[in-house]
Amino acid sequence: MNELKRVAIVGGGISGLTAAFKLLKEAKNSDSKIQIDLFEEKELGGVFKTVEDGEFRLECGPDSFFTKTNEILELSKELEISSSIIPTNEKKRKSLVAKGDQLIPLPEGFVMIAPSKEEAFMQTELLSENGKKRAMLEKELAPRENITEESVAQFVERRFGPEMLAKIVQPMVGGIYTGDVKELSAEACLPEFVEMERTKGSIIKALLQRQQAGVDADAKGARYSAFYSFEKGMYYLIDTLRQQINEMGGLTFKLNERVSSIIKLDQGKWGLETSKSQSTAYDALILALPAASLARITASLDGVLSENASQIYCASSCVVNLIFNKSDIDENMLDGFGFVVPEENNRPLIACSYLSEKYKHRSPEQKVILRAFFGGVKNEAILQESDAKLTELALQELDFYMKIKAKPLYTSISRWQESMPQYTIGHQGRIRAITKRLEDFPGIFITGNFISGVGIPKCVQMATEAAQKVAQFLQVQKAAQVN
Ligand SMILES: Cc1cc2nc3c(=O)[nH]c(=O)nc-3n(C[C@H](O)[C@H](O)[C@H](O)COP(=O)(O)OP(=O)(O)OC[C@H]3O[C@@H](n4cnc5c(N)ncnc54)[C@H](O)[C@@H]3O)c2cc1C
């Protein structure tokens, strides 16, 4: 007997779409009959948004993926789009950090929170001589044992000193999460470095060893040779997934349909209440949602699950895309891929990324696309400002840091509400509590950027695992019915 199994996926971002694609493939390979409904309250892609406008290709959400691990490369191979992957511009592989109104390159070999090339680090103008000496002392510091969970700020300050934290690490790590380094958990946000202290005694020593072994051989600032995009922009990945899912058959996209709650039905099945209907009985659910949405839709199902999800705060941010004539910008200002701004500057801009300098196929040679980032946990109120005000702020900030006086040729604003989960102290405990609680709800599986990594590769990895778990769960169900 090969009974049809029904699955619902809630959320049509990269996590939900990857889970759908992988599950359909698993079903095809095992000759199982499956019908999936994918519910998405807005458009497919979640925070992915590439806008084609004449000669321009703008990114309103993510613009890159990191290939330290292989998930996107492998997914691209499966989708047969590997030839569309493009590298970053080799000539400008540099990150900048604001110091007052100056933009200063991150020292060569700097890896997220630590230097791996002492000579280059000792020449940086980002820190004072004492600040650099204190940071390099990290090599001699004994690892602390039996410490309770630390914030990113506590961990970095303890190992490298306050100056390194304030002037480099806060804008780098705080910028990724649009978060507060005093609240973010070191264990959850910087697991690799916490592990280095634990196993090697020193982060700098561990990085030097890795470099000698050739792991970070090309390290320049943020290891830019490992960042990639697609020729047609990041949304190409979403479009291809949608297209190939359609070709495989067995999935119905339920777009503009918001899921409001989960209902426990008889015989181990699950129902969904949505903005359009009370839907079919499902054998399994994959919830590929932001934490805040997960908290809302599980509220009537289970208080503990919902409460733990609601404690994962999701920050809102905003991206202002601006196009300028290249001739209006001093070319020295464009020597890199963009800059981050430390909180101590006390100004609204979090970061600015030079999209057209990072990747080809984004704009004509004589034009420049800049992306200004605002908001985050410390300044969410800014999203309430009008488009005109946000544009004005972006121009004011670009004048301050990049001395741009010219008017832009084009601007657009994207607001991303509740989009960036904050892995604050206790995060891993909350995820363990959610996972444990789900054991009482067989057939419900979760995935998404709030679990153990906000980067796209991690989302793809977790979604792949969720699809595998669902396939196994349905197999076990099938076997039980046969017996
Ligand atoms: C501005 C920005 C820039 C970024 N840049 C990068 C980058 O360059 N590289 C990188 O690796 N990562 C980047 N990230 C992070 C990365 O893009 C995200 O973590 C990842 O795309 C999240 O995917 P997701 O599918 O888990 O969640 P989402 O993309 O948030 O998708 C969740 C989906 O669920 C839907 N939904 C929510 N509630 C309901 C409901 N009740 N019913 C039905 N549907 C619902 C939403 O509409 C959404 O489409 C960036 C993030 C942002 C916000």
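The values are calculated or read from the model by the stated rules, or taken from the named source; none is laboratory data. If you're wondering where the values come from, they're calculated on a predicted model, not measured in any experiment. Please note: Cβ atoms are built from the backbone with ideal geometry, for glycine as well, and neighbour counts cover all protein chains shown. For the accessible areas, the whole protein counts, side chains as well, though only heavy atoms, and no ligand, DNA or RNA atoms are used. Shrake-Rupley method; radii C 1.70, N 1.55, O 1.52, S 1.80 Å.
Subtracting the Cα-Cα distance from 0.36 nm times the residue separation, let me have the gained length for Q267 to I147 in nm, one decimal. Spell out each step's value before the answer.
Details: separation 120, 0.36 × 120 = 43.20 nm, distance 4.68 nm.
Contour length minus the Cα-Cα distance gives 38.5 nm.
Any idea of the accessible area per residue across segment 364-445, 1.4 Å probe, to the nearest Å²? Working shown, then result.
Values: 3930 Å² over 82 residues.
With all protein chains present, segment 364-445 gives 48 Å² per residue.
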Checklist entry - Ranked by accessible surface with a 1.4 Å probe, highest first, in what order do Y236, Y359 come? => result Y236, Y359
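For segment 197-299, what is the charge dipole size about the Cα centre, in debye to the nearest 20, if Lys and Arg each add +1 at the Cβ and Asp and Glu each add -1 at the Cβ? Can you show the working numbers first?
Details: 14 positive and 10 negative charges, 82 e Å.
Magnitude of the dipole: close to 400 debye.
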Checklist entry - Does the chain classify as rounded, prolate or oblate by the C-alpha gyration tensor (a ≥ b ≥ c root eigenvalues; a/c under 1.5 gives rounded; else a/b over b/c gives prolate, otherwise oblate)? => result prolate
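Kindly state, to the nearest 0.05, the FRET efficiency for A388 paired with A479, given R0 = 60 Å and r defined as their beta-carbon distance.
Details: r = 61 Å, r/R0 = 1.02.
Step by step, r from the Cβ atoms, then E = 0.45.
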Checklist outcome for this item: Row for segment 107-221, column shape: gyration tensor on C-alpha, a ≥ b ≥ c, rounded if a/c < 1.5 i.e. under 1.5, prolate if a/b over b/c, else oblate; value rounded
Checklist outcome for this item: Once the in-chain neighbours fewer than 8 apart are removed, the aspartates and glutamates whose Cα is under 16 Å from K132 read E108, E118, E119, E140, E157, E163
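Accessible area per residue of segment 1-41 at 1.4 Å probe, in Å²?
On the way: 1450 Å² over 41 residues.
Normalised by residue count, the accessible surface of segment 1-41 is 35 Å².
Rounded to a whole number, what % of the accessible area of the chain do carbon and sulfur atoms account for, probe 1.4 Å? Mind showing how you got there, number by number?
On the way: 10080 of 21010 Å².
Carbon and sulfur: 48 percent of the exposed surface of the chain.
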Checklist outcome for this item: Expressed per residue, the solvent accessible area of segment 107-221 in Å² (1.4 Å probe) is about 44 Å²
Checklist outcome for this item: For the chain, the charge dipole (Cβ of Lys, Arg +1; Cβ of Asp, Glu -1; about the Cα centre) points to a positive end, and the Cα of I446, Q475, S414 closest to that extreme belongs to Q475
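Please express the shape of segment 239-292 as an equivalent ellipsoid: the semi-axes are the square roots of 5 times the eigenvalues of the C-alpha gyration tensor, given largest first in whole angstrom. If you can, show how the numbers build up before the last one.
Values: eigenvalues 101, 43, 25 Å².
Equivalent ellipsoid of segment 239-292: 22, 15, 11 Å, largest first.
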Checklist entry - Between N70 and R158, what length comes free when the chain is fully extended (0.36 nm per residue of separation minus the Cα-Cα distance, one decimal in nm)? => result 28.4 nm
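What is the gain in length, in nm to one decimal, between N2 and S412 on full extension, counting 0.36 nm per residue of separation less the C-alpha to C-alpha distance?
Working: separation 410, 0.36 × 410 = 147.60 nm, distance 5.09 nm.
Length gained between N2 and S412: 142.5 nm.
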Checklist entry - Spin-label point model (7 Å from Cα, Cβ direction): what's the K200 to L79 distance in nm? => result 3.4 nm
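Here are some pairs, K22/K91; K167/K458; K264/K478; K232/K269; which of them have Cα atoms lying more than 31 Å apart in this structure?
Working: K22/K91 37 Å; K167/K458 28 Å; K264/K478 20 Å; K232/K269 41 Å.
Violating the 31 Å limit, Cα to Cα: K22/K91; K232/K269.
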Checklist entry - Under a plain spin-label model, where a point goes 7 Å from the Cα along Cα-to-Cβ, how far apart in nm are K378 and K28? => result 4.8 nm
Next on the checklist: Output the 0 to 90 degree angle, nearest 10, between the alpha-carbon long axis of helix 387-402 and the longest principal axis computed from the alpha carbons of the chain.
Outcome noted: 40 degrees
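Mind scanning K276/K389; K77/K182; K92/K200; K42/K68; K92/K117 and naming the pairs with a C-alpha gap bigger than 28 Å? Don't jump to the answer; show the numbers that get you there.
On the way: K276/K389 36 Å; K77/K182 40 Å; K92/K200 33 Å; K42/K68 31 Å; K92/K117 19 Å.
Pairs exceeding 28 Å: K276/K389; K77/K182; K92/K200; K42/K68.
How long are the three semi-axes of the equivalent ellipsoid for segment 280-338, computed from the Cα gyration tensor as the root of 5 times each eigenvalue, in whole Å, largest first?
Values: eigenvalues 412, 41, 18 Å².
For segment 280-338, the ellipsoid semi-axes come out as 45, 14, 9 Å.
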Checklist entry - Going by alpha carbons, how many degrees (0 to 90, nearest 10) lie between the helix axis of 456-482 and the longest principal axis of the chain? => result 10 degrees
